[in-house]
Protein chains: 2
Amino acid sequence: MLKISKLTDYGTVVLAHMARRPDRLFSAAHLAQELGLPLSTVRKLLKQMTGAGLLYSSRGQRGGYCLTRPPQEISLVEVLEALEGPLGVTDCSLAPKLCGQEATCPIRNNWRGINGVIHGVLQQVSLKQLASDQTMGIGIEQAGGL
Amino acid sequence: MLKISKLTDYGTVVLAHMARRPDRLFSAAHLAQELGLPLSTVRKLLKQMTGAGLLYSSRGQRGGYCLTRPPQEISLVEVLEALEGPLGVTDCSLAPKLCGQEATCPIRNNWRGINGVIHGVLQQVSLKQLASDQTMGIGIEQAGGL
DNA sequence: TTAAAGAGTACTATATTAGTACTATAAGAG
DNA sequence: CTCTTATAGTACTAATATAGTACTCTTTAA
């Protein structure tokens, strides 16, 4: 259904929460409690996002996580790709040799185009926007072609 | 990875092929052979799309399938929804009561907005465009909000 | 030195996806 | 009228992905 996974969804919830206080340091336990998510799950997400470079972590007592960049500079694509790997609507728009039909497939190029558009949409959304109460305005226009 | 399933992908290949000859009647066996896809799989897809109202079917000798509407009037969303059910990037943008966080989730509205945009992109792409050799032109513009 | 916190690893249950096989039914050809 | 071709319906299996959890190790500040 063209869905992101539930874990990724939780990940965006966690990041959006952190984006509201970019100054603060958040521990996994605090986040889990504040957001009502299972601690183990939150831990897993934080670890993964740290590995992807989205978060700084500091250990020890009074340790925790914080964003590596200001929330308006982090796009949703980055977050999704950190948690799910490269974004591809179809196999062929992701990597070669996954489909088998590839060489002869007459619609591959068009799928790649669609993938690019969706990628663009998600790139335009920043973490700051995602965390915002205001409704986001993103429009689409038909540019040309047939 | 925000991906459609491989079966759905095959479905679009099949439909795009049929869209090039909207007059013709295609049997499952022919399509499977022409596209190099497994017959059983093609059969499954055709049945499902017929049930969803995208195809007419006629049985018996010289039977087969054809599109119920001209290819430029069939949007990609319809095809995806016929094969995968309602389109929802997140659980909460799909149906109530799937997430648990729903009531308190601060970013639900924004996800719903993103979902709407992606829905819009796929709605703008017709089967005729998908089947076309020409590169499609779809642009995105930032309209407002923050 | 101890307690709080992240890092690393491994595991299990469930759901989804992909692919296939078999039987029944309909309709045209001869 | 019956044979052949084709769709309709159903059911099943294997592989993969997802979700959630548990446990141990390491770091660091009080």
Can B:Leu76 be described as at pLDDT 95 or above and among the hydrophobic types (A, V, I, L, M, F, W, C)? yes
So B:Gly60 fits all but one of (1) more than 30 Å from A:Gly11 (Cα to Cα); (2) in contact with a strand residue (DSSP E or B) (Cβ under 8 Å, 6 or more places away or on another chain); (3) at pLDDT below 95; what number is the exception? (2)
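Being open to solvent by 20 Å² or more (accessible area, probe 1.4 Å), without any contact (Cβ under 8 Å) to a residue 60 or more places away in the chain, more than 10 Å from DNA strand C (Cβ to nearest atom) and farther than 25 Å from B:Gly116 by Cα: is that true of A:Pro86 here?
Criteria not met by A:Pro86.
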Scanning for something within 15 Å of the chain's Cα centre (by Cα) and of a type outside the set (A, V, I, L, M), does segment B:20-42 turn up at least one residue? no
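In this structure, is B:Ile140 more than 16 Å from DNA strand D (Cβ to nearest atom), at pLDDT below 95 and either more than 8 Å from chain A (Cβ to nearest Cβ) or open to solvent by 20 Å² or more (accessible area, probe 1.4 Å) (or both)?
On the way: more than 16 Å from DNA strand D (Cβ to nearest atom): yes; at pLDDT below 95: yes; either more than 8 Å from chain A (Cβ to nearest Cβ) or open to solvent by 20 Å² or more (accessible area, probe 1.4 Å) (or both): yes.
The answer is yes for B:Ile140.
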Filter result (open to solvent by 30 Å² or more (accessible area, probe 1.4 Å) and not in a helix (DSSP H, G or I)) within segment B:34-44: B:Gly36, B:Pro38
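Results for (1) away from DNA strand C (no atom under 11 Å from the Cβ); (2) open to solvent by 30 Å² or more (accessible area, probe 1.4 Å); (3) part of a helix (DSSP H, G or I), shown as yes or no for each residue.
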| site | (1), (2), (3) |
| --- | --- |
| B:Ser57 | no, yes, no |
| B:Arg62 | no, yes, no |
| B:Arg69 | yes, yes, no |
| B:Glu81 | yes, yes, yes |
Residue under evaluation B:Thr50, criteria (1) open to solvent by less than 50 Å² (accessible area, probe 1.4 Å); (2) within 12 Å of the chain's Cα centre (by Cα); (3) more than 14 Å from chain A (Cβ to nearest Cβ), criterion not met: (2)
Out of A:Arg108, A:Arg21, A:Arg43, I need the residue that is without any contact (Cβ under 8 Å) to a residue 60 or more places away in the chain, within 14 Å of DNA strand C (Cβ to nearest atom) and basic (Lys, Arg). Which one? A:Arg43
From the set of residues in segment A:1-33 that are of a type in the set (S, T, N, Q) and within 13 Å of DNA strand D (Cβ to nearest atom), which is most open to solvent (accessible area, probe 1.4 Å)? A:Ser5
Exactly one condition in (1) under 30 Å from A:Gly36 (Cα atoms); (2) over 19 Å from the mean Cα position of the chain (by Cα) is not met by B:Leu2; state its number. (2)
Within segment A:49-67, count every residue that is closer than 23 Å to B:Met1 by Cβ and in contact with a Leu (Cβ under 6 Å, 6 or more places away or on another chain). 1
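The values are calculated or read from the model by the stated rules, or taken from the named source; none is laboratory data. Keep in mind that this is a model prediction, so the values were computed, not measured. Here Cβ is always computed from backbone atoms with ideal geometry, including for glycine, and neighbour counts include all displayed protein chains. With ligands, DNA and RNA removed, areas are computed over all heavy atoms of the protein, side chains included. Shrake-Rupley method; radii C 1.70, N 1.55, O 1.52, S 1.80 Å.
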